[in-house]
1. May I ask you to verify whether Val91 is buried (at least 19 other Cβ atoms within 10 Å of the Cβ), without any contact (Cβ under 8 Å) to a residue 60 or more places away in the chain and out of contact with any Ser or Thr (no Cβ under 6 Å at 6 or more places or on another chain)?
2. Might you let me know whether region 108-115 holds any residue that is without any contact (Cβ under 8 Å) to a residue 60 or more places away in the chain and touching a Leu at 6+ places or on another chain (Cβ under 8 Å)?
3. Just to check your reading of the model, which residue among Gly99, Gly121 is of a type in the set (Gly, Ala, Ser), out of contact with any strand residue (DSSP E or B) (no Cβ under 7 Å at 6 or more places or on another chain) and in contact (Cβ under 8 Å) with a residue 40 or more places away in the chain?
4. Out of (1) touching a Phe, Trp or Tyr at 6+ places or on another chain (Cβ under 8 Å); (2) in a loop (DSSP other than H, G, I, E, B), the odd one out for Val102 is which?
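Since every read-out is calculated from the coordinates, none of them should be taken as a lab result. Computed from a prediction, not measured in an experiment: that's the story for all the values here. Reconstructed Cβ throughout: ideal geometry from the backbone, glycine too, with neighbour counts over all protein chains shown.
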Amino acid sequence: MPLVKRIISGKLAEYLKLFPVVVIVGPRQSGKTTFAKMELSEWRYFDMEKPSDYGRVSADIEFFLREYGEHCIIDEAQTLPELFPALRSYVDRKRSWKGRIVLLGSVNPLLVKKISETLAGRVGFIEIQPFSYSEANALKKMKVEKFWLTGGYPEPLLRNENDRIIWMEQ
């Protein structure tokens, strides 16, 4: 899939200068992982839906943060709620260090509330949406009607008509 620079790219860079932890939330399949990996290509990436990554992080969260906590992306962070109190302790040891960890997760009001309470003053939230029309049009020239029918989601935008219909029905 071709990559496109997202409108919120500058926002991530700004937040990394202000907060030790940045949380990117958005609907499933809206491009959170691709966006984070593209913007932070030198950072280590851990996916909590991958058993080996989940095991590495959950076995000893404090050890994991000491070893890998600088410039790391943790995807589907909501699957490991014990991570958030450990993050607070980790961040508080060197509070002045900004831009250390990026968490990715689906929009979930309880998740946002839990992170906001546990990491108050230590975290910035960025909400990512599916592509805007201008972002989608940079990928593939299209009529507004086609864009509207896909909801701006990257996968169906790049598929042929039949595959797009099947994907959207799921």
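1. Numbers: buried (at least 19 other Cβ atoms within 10 Å of the Cβ): yes; without any contact (Cβ under 8 Å) to a residue 60 or more places away in the chain: no; out of contact with any Ser or Thr (no Cβ under 6 Å at 6 or more places or on another chain): yes.
So Val91 fails the test.
2. Within region 108-115, the subset without any contact (Cβ under 8 Å) to a residue 60 or more places away in the chain is 109-110, 113-114.
Subset that is touching a Leu at 6+ places or on another chain (Cβ under 8 Å): none.
Within region 108-115, not a single residue is without any contact (Cβ under 8 Å) to a residue 60 or more places away in the chain and touching a Leu at 6+ places or on another chain (Cβ under 8 Å).
3. On the way: Gly121 fails: in contact (Cβ under 8 Å) with a residue 40 or more places away in the chain.
Result of the check over Gly99, Gly121: Gly99.
4. (2)
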